[in-house]
Amino acid sequence: MDNGSASPVTRLLAEALTGRASRREVLKRASALGLSAPLVGIMLSAQAHVAGAQDAEPGSLIEAPEGLPDLSGAKINVILGQDGPVVPWEEAACKKFSDATGCQVTRTSGPESATERLAQYQQLLAAQASDVDAMTIDVIWPGILAPHAVDLSEAITWQGAEYFDRIVNNNTVNGKLVGIPWYTDAGILYYRTDLLQKHGFEAPPQTWTELEEMASAIQDAERADNPDFYGFVWQGAAYEGLTCDALEWQVSNGGGVIIEEDLTVSVNNPQAIASFERARGWVGTISPEGVTTYKEEDARGVWQAGNAAFMRNWPYAYSLGQASDSVIRDKFDVTLVPKGDGENAVHADTLGGWQMMVSAYSKNTDAAVAFAQYMTSREVQKSFAIEESRLPTIVALYDDADVLEANPFFGSLKDVFLGGAVARPSTVTSDLYNEVSTAYFTAVNEILTGQASDAAARVAQLADQLQGIVSEL
Ligand code: GLC
């Protein structure tokens, strides 16, 4: 339907009826247009009906791109996301690929913890197992997995799409493209707009000190009715996710990036140590005691139940929070992770993201490469962005009206997503990155739990360990 010349009211009605405008968008525009309550009610129920239909059928927005090969009779096994809410969308994506190509796809989930998932992949690939054809790999792994990957540098050009240079470079090891960028990620701060307003806060926190003040005031007040309420939830378990959170704390406090570009081990500095001590102070006060065992979904569980004022997480939690049956729907927003107070304090959001890799041991390379191309295509990324709030890796999708409407924050945080996020030191430490990260998250977790009571001493010990790892490079 071409609504270019229609009145704003007709246009809004049409967009509500087709589900193109979100509930929030309908409310915002209807109030700007001064529409009557009954008319707004009709629009909202039309919108809810369509949005509900989309909820019921994940993957319904996926369009198979043109130009996929005929792969009749082929069969591939792929490892995609973890068990959880993304599975139905991924199953639908695999089915559309099968329908379009004739290739049968068997999807399995990988572990939620990136650390465990890497161990699983390494075992599988070391055995040169041919029963997995393609898998999704973390942005920090190209240097580790390169020897086991098919070079996808030709495959990525099939649609002529412009992928983020930074990620393509990250994924290229000695000229080999180890994975085609599927979606990118950046740590963000989720906050409850309704609770901030209720407790007299006009804007989300800019600094950690402000976050602490707001989280503790809101928690104290909300506890009167809800004993399960917490100020702030995040990822504190000893795994890769804690490396991401702790990197944000230290960078935002002017404390460097653990190991600098020139391989200087910089973590042993007062700002980094102070940032870990600050986080230790959250455990059992504004955050649950158990936060030191939390991964992404543990934090989201508390948040999604309406039991937290703030959450640090990745963009995937946005669409889940906005689902039609969510108790926090339209009651939250996202912003940059807070910064420290001192000199050199900056907002820091860790860069994450996943790529499609084809195993060098696959016996169905053509089908596996076509699958990787399909999953990272414009069409599939667009649906992933709209339905599952995953950040595209194709630059043009950040100007796509449908993508922006489903995720208004893609526009407001565009600079972060388009290159401003902070990378973990995985390129400089390459195949030894996992050792670096493991030493780091182990030390930080010990500081958080109090197992290491002297943070400065524990960080000095960490710096020695990291020095030992770097000297092997
Ligand atoms: C997200 C990020 C990934 C990161 C992981 C840590 O999945 O995309 O890069 O390593 O979280 O838990």
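Laboratory data are not the source of any read-out in this text; all were calculated from the coordinates shown. These numbers were taken from a predicted model, which means no experiment stands behind them. Cβ coordinates were reconstructed from backbone atoms using ideal geometry, including for glycine residues, and neighbour counts include every protein chain displayed.
Observations
- A single entry from Ala421, Ala455 fulfils the requirement of being of a type in the set (A, V, I, L, M, F, W, C), within 16 Å of the ligand (Cβ to nearest atom) and crowded, with 17+ Cβ neighbours inside 10 Å: Ala421.
- Given (1) away from the ligand (no atom under 16 Å from the Cβ); (2) surrounded by 19 or more Cβ atoms within 10 Å (Cβ to Cβ); (3) within 24 Å of Ala246 (Cα to Cα); (4) not aliphatic (A, V, I, L, M), index of the condition Glu222 fails: (3)
- Inside the range 304-352, residues that are within 16 Å of the ligand (Cβ to nearest atom) and over 22 Å from Ala421 (Cα atoms) make up a count of 1.
- Within the range 283-303, tally of residues that are hydroxyl-bearing (Ser, Thr, Tyr), over 15 Å from Glu240 (Cα atoms) and surrounded by fewer than 21 Cβ atoms within 10 Å (Cβ to Cβ): 1
- The set of residues in the range 140-162 being within 16 Å of the ligand (Cβ to nearest atom) and surrounded by 23 or more Cβ atoms within 10 Å (Cβ to Cβ) consists of Ile140, Trp141, Pro142, Ile144, Leu145.
- Among residues of the range 111-170 being within 23 Å of Val436 (Cβ to Cβ) and among the charged types (D, E, K, R), the one that is nearest to the chain's Cα centre (by Cα) is Asp138.
- Residues in the range 171-185 that are surrounded by fewer than 23 Cβ atoms within 10 Å (Cβ to Cβ) and within 16 Å of the ligand (Cβ to nearest atom): Asp185 alone.
- Residue match in the range 244-257 (condition: under 30 Å from Tyr374 (Cβ atoms), surrounded by 18 or more Cβ atoms within 10 Å (Cβ to Cβ) and within 16 Å of the ligand (Cβ to nearest atom)): yes
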